[in-house]
1. Considering only residues that are of a type in the set (A, V, I, L, M, F, W, C) and touching a Gly at 6+ places or on another chain (Cβ under 7 Å), look in the stretch 212-239 and name the one that is farthest from Cys397 (Cα to Cα).
2. Say whether the condition of being open to solvent by less than 20 Å² (accessible area, probe 1.4 Å) and within 20 Å of Asn339 (Cα to Cα) is met by at least one residue in the stretch 96-110.
3. Among the residues of the stretch 131-172, write down those that are open to solvent by less than 10 Å² (accessible area, probe 1.4 Å), among the hydrophobic types (A, V, I, L, M, F, W, C) and either more than 23 Å from Val451 (Cβ to Cβ) or touching a helix residue (DSSP H, G or I) at 6+ places or on another chain (Cβ under 7 Å) (or both).
4. Suppose we keep only residues that are out of contact with any strand residue (DSSP E or B) (no Cβ under 8 Å at 6 or more places or on another chain) and of a type in the set (D, E, K, R) within the stretch 194-231. Which one would you say is farthest from Gly454 (Cα to Cα)?
5. Tell me which strands (runs of 3 or more DSSP E) are completely within the stretch 1-83 and hold 2 or more residues being open to solvent by less than 20 Å² (accessible area, probe 1.4 Å), over 30 Å from Leu132 (Cβ atoms) and modelled with pLDDT of 95 or more, or say none if there are none.
6. Between residues in the stretch 149-175 that are free of Cβ contacts under 8 Å to residues at least 60 places away in the same chain and residues that are outside any strand (DSSP E or B), which pairs lie under 7 Å by C-beta distance while being six or more apart or on different chains?
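The values are calculated or read from the model by the stated rules, or taken from the named source; none is laboratory data. Source: prediction; values computed, not measured. Every residue, glycine as well, gets a Cβ built from its backbone with ideal geometry; the counts of neighbours run over all protein chains shown. We work out accessible area using only protein heavy atoms, side chains counted, and drop any ligands, DNA or RNA first. Shrake-Rupley method; radii C 1.70, N 1.55, O 1.52, S 1.80 Å.
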Amino acid sequence: MSDFFNNSDISQQQAEQVVSETLNSCDDGELFLENSKSESLVLDDGKIKNTSFDSSLGFGFRAVQDDKTAFCHSNIISKKSLNDASQNLVSNMKNGSNKVQKQSNPKRTNVKLYEDKDPIENKPFKEKVELLRKIDDYVRQKNPNIKQVTASFFGEHQSVEIIKSDNQVYKDQRPLVRFNVSVMMERNGKKETGSYGTGGRMDYENYLGSDNWKNICDEAIRQAEVNLDSKPAPAGEMKVVLGPGWPGIILHEAIGHGLEGDFNRKKTSAFHNLVGQKIAHENVTVVDDGTIASRRGSLTIDDEGTPTSRNVLIENGILKNFMQDRMNAKLMKVEPTGNGRRESFEYAPMPRMTNTFMINGNHTQDEMIKSVDKGIYAVSFGGGQVDITNGKFVFSCTEAYEINNGKIGAPLKGVTLIGNGPDILTKVSMVGNDMKLDPGIGTCGKAGQWVPVGVGQPSILVDQITVGGTSI
């Protein structure tokens, strides 16, 4: 018997029967069951500032007919709540199409991309607190200019069970952790910050054992030291070299969202009619891959039961595919790609990215830098804003440098990059051979839902982009 029904007055078999009867006259749908728990610990200035523990149990029940969706959710798993939800769905679908076009259930796979470990239970709370204090001591001893240290852990374990029609059941156990350190330094009255983090679908020990945490602390300190030496940023149109790894967040936000199936089915994306056309430099190939073991954005199966895949979106500059959940794939007459995701059982799934990145090209970063007379080298990013319908974006850099006469110069403060995703793709002239993924800290919001994601890229040279800053 499933754990979801151990303390319920409805059995697994009865629940499966309700699902089959409810979805009998629908194209698709599922009962999504979730049992999750999460914790966070925050240490600020040597004191535990905040600790929290949350647990969540419930179901989301969805019926799909053509482009119409009916959805109910409840945090009580019982015969009454499930039957009430069933009646609601049936009632909402009465005015739908009489022609049922059943979608075949997801194919199964034996692949597992992460271990079934519970990071919250595997490391005692006391040890986590002691390690946070040890981190605080370590950071403060590294530099006398450090005035504030904030360190945090976040852990989650999510159990999901997806019941489709015909008594088909799909299960997944999903661990997730994240570790962050930020520091504030002051020198000669000037204050600057630095931060760094890591995470993924592993246990805490993978990141925090054997003093691995020291590398995270050292990087946060380095960023703060660099920013203390920064000067005001220039402004205007110029060449920009984007570094490898985390700068892929621009690719994710300004381009990736525009390649999600729902926006393209509704023709609200700038890319909706460009499949098969050249939209980028021939060296640009972009992939969304949910199958990378233990990565933050990876899933063995998505939240509809579909195995994730390596989906080539742009190949040698040509737009090839979009990311699809089941409903949008069916309506666009293509196959689902394993991108149906939801924040929790309280939400219906929609097309979302997993790990989205640009693959290696043929150039070195040195070649890019040497080709720039005057420009910006952008290493890391903080916040940003994007209009998904047209790809317009504004991103602020947390670490950037000037480039003068083919050499990296002084660090800059206040750099913002302003542009348009589809337009930027056409202005990429060099793609590096140093591709790396981000350290495992990404979280993406869409339509009020937040999910963990990954980004990445090699270094790339953009020939023209608007840089906002203070003219010098």
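1. Within the stretch 212-239, the match that is farthest from Cys397 (Cα to Cα) is Ile216.
2. yes
3. Leu132, Ile135, Val139, Val149, Ala151, Phe153, Ile163
4. Going through the qualifying residues, I end up with Asp211.
5. Answer list for the stretch 1-83: 28-44, 47-65.
6. So the pair list comes out as Gln173/Asp116.
Conditions tested, residue by residue: (1) open to solvent by 30 Å² or more (accessible area, probe 1.4 Å); (2) in contact with a helix residue (DSSP H, G or I) (Cβ under 9 Å, 6 or more places away or on another chain).
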position	(1), (2)
Leu208	no, yes
Asn212	yes, yes
Glu219	yes, no
Arg222	yes, no
Glu225	yes, no
Asp229	yes, no
Pro232	yes, no
Leu242	no, yes
Gly245	no, no
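Here is a yes/no grid of residues against (1) farther than 26 Å from Lys231 by Cβ; (2) open to solvent by 50 Å² or more (accessible area, probe 1.4 Å); (3) of a type in the set (Lys, Arg):
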residue	(1), (2), (3)
Val431	yes, no, no
Asp434	yes, no, no
Gly440	yes, no, no
Thr443	yes, yes, no
Gln449	yes, no, no
Gly454	yes, no, no
Leu461	no, no, no
Ile465	no, no, no
